[in-house]
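The values are calculated or read from the model by the stated rules, or taken from the named source; none is laboratory data. These numbers were taken from a predicted model, which means no experiment stands behind them. Positions of Cβ are backbone-derived with ideal geometry, glycine not excepted, and every protein chain shown enters the neighbour counts. For the accessible areas, the whole protein counts, side chains as well, though only heavy atoms, and no ligand, DNA or RNA atoms are used. Shrake-Rupley method; radii C 1.70, N 1.55, O 1.52, S 1.80 Å.
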Amino acid sequence: MPVKPKLGQNFLKDTAAIQRIAAALGDLSGRTVVEIGPGQGAITAPLAANAGHVLAVELDPAMAAHLRAEYPADRVTVVEQDVLTFDFAAAAAAAGKPLLVAGNLPYYITSPILFKLAASHAAIERAVLMVQREVADRVTAEPGSRDYGLLSVTIQMYGPAQRLFTLPPGAFSPPPDVHSTVFRWRFAPRFTELGVEEAAFTRFLRQAFAQKRKTLANNLRAAGIPSPAAAAALAQAQVPDQARAEALPIESLAALWRSLQTILLDEPAK
Ligand code: SAM
């Protein structure tokens, strides 16, 4: 089959890594697993052997035809579709249980796929995903570390992300230019627990992290939040006025958002 580099086709050939990815997804018995980008089926094989059913979502028609010929339809349903348009909620409803998700992702659309999964959180229990190492560094980063930023907080608001292992380019054919890291993401959204509203808090995070070199107060001012309101909210949430968003744990960012909501609501209209 001709390889299509534009579709991010780097096929995993390290058999130990393939088994580790399937094992990292946990107990698969009776579960429906969605595999993103199954390609030639490297990871599909151990998933199909252990899961109740696999939904293999593949954009490339040649790969999809190959998989259909390889696996009986009662074990693997090949869905020839762009994963960004795949309806996870409908698949979970049909399965009668939240989905498990696995995938050696096509790297050209890593962030859109992660945001799609986040938006589909109610339909997913956990995911084991291979991404470019630098992306995994950011997704799993802790506050104050070099890689901590908007992507870390956004992903971790939907549940803990844990780094599992890293593979060199030689584990794939053809080899990509980058190292790859597998991480596990357990979906347990924190919006209710932290008292924040999903869409508004996500918007606030984009404002808070807008410019890495600026303080949080300056980023909020640039987003149109009046300086006195931002200063009062920072004080109320016990965040130092020179703090940068990159230094703050999720709990402090949530406290700041809650204070800001109260202060802006209490402000008399001008
Ligand atoms: N899972 C296989 C493996 O590990 O060897 C292939 C992984 S390869 C990195 C990414 C796969 O995603 C390719 O098979 C590619 O055709 C497929 N793909 C690319 N864009 C896609 C999209 N938008 N939706 C679904 N699959 C896509």
Quick one: G195 ticks every box in (1) open to solvent by 20 Å² or more (accessible area, probe 1.4 Å); (2) under 29 Å from V33 (Cα atoms) except a single one, so which number is it?
(2)
Being open to solvent by 70 Å² or more (accessible area, probe 1.4 Å), within 15 Å of M130 (Cβ to Cβ) and not basic (K, R) is true for just one of A23, A49, A69. Which residue is that?
A23
Which condition number does L151 fail, the rest of (1) in contact (Cβ under 8 Å) with a residue 12 or more places away in the chain; (2) over 26 Å from L55 (Cα atoms); (3) part of a loop (DSSP other than H, G, I, E, B) being met?
(3)
Kindly list, by first and then second residue, each pair from a residue in the range 171-188 that is at pLDDT 95 or above and aromatic (F, W, Y) to a residue that is near the ligand (Cβ under 10 Å from one of its atoms) and open to solvent by 20 Å² or more (accessible area, probe 1.4 Å), limited to pairs with Cβ atoms under 6 Å and residues at least 6 apart or on different chains.
F172/N10
Hey, does the range 80-94 have a residue that's of a type in the set (F, W, Y) and open to solvent by 40 Å² or more (accessible area, probe 1.4 Å)?
no
In the range 95-115, the residues that are open to solvent by 50 Å² or more (accessible area, probe 1.4 Å) and touching a Leu at 6+ places or on another chain (Cβ under 6 Å)
P112
Would you say A243 is surrounded by fewer than 18 Cβ atoms within 10 Å (Cβ to Cβ), free of Cβ contacts under 8 Å to residues at least 60 places away in the same chain and of a type in the set (G, A, S)?
yes
Expected output for the range 4-15 (first residue closer than 10 Å to Y108 by Cβ, partner more than 6 Å from the ligand (Cβ to nearest atom), Cβ below 7 Å, 6+ apart or cross-chain) is G8/Y107; G8/Y108
Count - residues of the range 215-240 that are assigned to a loop (DSSP other than H, G, I, E, B) and crowded, with 16+ Cβ neighbours inside 10 Å
4
Being free of Cβ contacts under 8 Å to residues at least 40 places away in the same chain and either open to solvent by less than 20 Å² (accessible area, probe 1.4 Å) or away from the ligand (no atom under 14 Å from the Cβ) (or both) narrows R126, R163 down to just R163
Would you mind telling me which numbered condition in (1) touching a Phe, Trp or Tyr at 6+ places or on another chain (Cβ under 6 Å); (2) farther than 24 Å from E251 by Cβ K116 fails?
(1)
